[in-house]
1. Give a residue-ordered list of calculated ³J(HN,Hα) values for the stretch 146-161 (Karplus: 6.51 cos²θ - 1.76 cosθ + 1.60, θ = phi - 60°; whole Hz; x for Gly, Pro).
2. Provide the FRET efficiency to the nearest 0.05 for the Ala59-Thr104 pair, computing r from the beta carbons and using R0 = 45 Å.
3. May I ask you to derive the FRET efficiency for Lys209 and Val268 from their Cβ-Cβ distance with R0 = 25 Å, giving the value to the nearest 0.05?
4. Taking H placed 1.01 Å from N in the peptide plane, check which residues at least 5 places from Gly92 or on another chain put their amide H under 5 Å from its amide H.
5. Pairs Lys11/Lys53; Lys53/Lys209; Lys48/Lys99; Lys83/Lys209; Lys115/Lys249: which are spaced more than 31 Å apart, C-alpha to C-alpha?
6. Consider just the alpha-carbon atoms of the stretch 7-283 and return their Rg together with their Dmax, both in angstrom.
7. Within the stretch 194-249, list the trypsin sites (Lys or Arg not before Pro) lying in a DSSP loop whose Cβ has at most 16 other Cβ atoms in a 10 Å radius.
8. Thr78 versus Lys48, label points 7 Å from Cα toward the beta carbon: distance in nm?
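Each reported figure results from applying straightforward, stated rules to the coordinates on display, with no laboratory input. This is a predicted model, so every value here is computed, not measured. Neighbour counts are summed over all protein chains in view; Cβ atoms, including those assigned to glycine, are modelled from backbone coordinates with ideal geometry.
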Amino acid sequence: MPNIPWPNGAKIAVNLTFDFDAETLWLGRDPTNVDRPGTLSLGTYGAKVGAPKILELLADEGLPATFFVPGWVVDNRTHVIEKIVRANHEIGHHGYLHKSIDPTNLEMEREEFEKGIDSIKRVIGVAPVGYRGPSGETSANLIPLLTERGFIYDSTMLDDIEPYRHVLSDGSPGVVELPWHMDDTLYLLTSIKFHRPMATNDHVLSIWKSEFDEAYISGGYFNLIMHPQVTGRPSRIRTLRELICYIRKHDNVWFARSRDVATTWLKVANTPGDGPIVSPFLRRSENGTISQR
Ligand SMILES: [Zn+2]
């Protein structure tokens, strides 16, 4: 597989992305958690300590990044959002209260979607151009919705290792997909209510390095998902610094915000994917609109 012809001879585009969920990871699942500060406190850590530590590291390294943020976090942790924007990182859309999308309830999906856009526009003054589905959940309506609302890209899917372009049911082009490669929560997220064994930082680092190595050789794209409440722990900040150092030992690496990768990819590659994924619970009409069965 040939490398993507990125500008300036870059062999690979690297997206460092942070899903800045804060307390919504617990509020979206159970609104009564609002009265349980202990349960919420891991999310609180993400806003209070994790995100600022990540911003310090990015500033030290002089690197751009993308933060996918639920609208609730934009509204309630605005001081951190302002720091992110001042540092010229990108704010992407990540729902409103981090509710997992139910493919049989398209009204809820649209409501979360519109509320999230409104919060970002109100606080930072511009609409987001990228989206990542909370907990990786979407409906078949997502890609038409993103395209209709003028988004440039989605970064929810795991079905490829390189960017591709969605194709709508009428054959017209949709948004760019920036598929992700690895996610820190898979190895490192545990909480008071849901105990899970954690991997060691060295173990995670070795997985991320191996994935990067192959992307560098054969693909040309590497998209890593991290979370301030997970990678923002002190020892993992060191792990992320080690990963950045490792990546930088390679020639011609382009660290970029997701929006810059998507807009550049549209110019240099722009290959179609297989079209939207249609849920068995939904049916598509002649004119391409989707309704519930
Ligand atoms: Zn999330």
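1. 4, 5, 4, 8, x, 5, 9, 8, 10, 9, 10, 7, 10, 8, 7, 10
2. Working: r = 44 Å, r/R0 = 0.98.
Rounded to the nearest 0.05, the efficiency is 0.55.
3. Efficiency computed from Cβ-Cβ geometry: 0.40.
4. When sequence neighbours closer than 5 places are left aside, the close amide H contacts are Phe67, Phe68, Val69.
5. Details: Lys11/Lys53 29 Å; Lys53/Lys209 22 Å; Lys48/Lys99 22 Å; Lys83/Lys209 29 Å; Lys115/Lys249 42 Å.
Over 31 Å Cα-Cα: Lys115/Lys249.
6. 17.9, 53
7. Lys249
8. My value for the distance between the label points is 2.1 nm.
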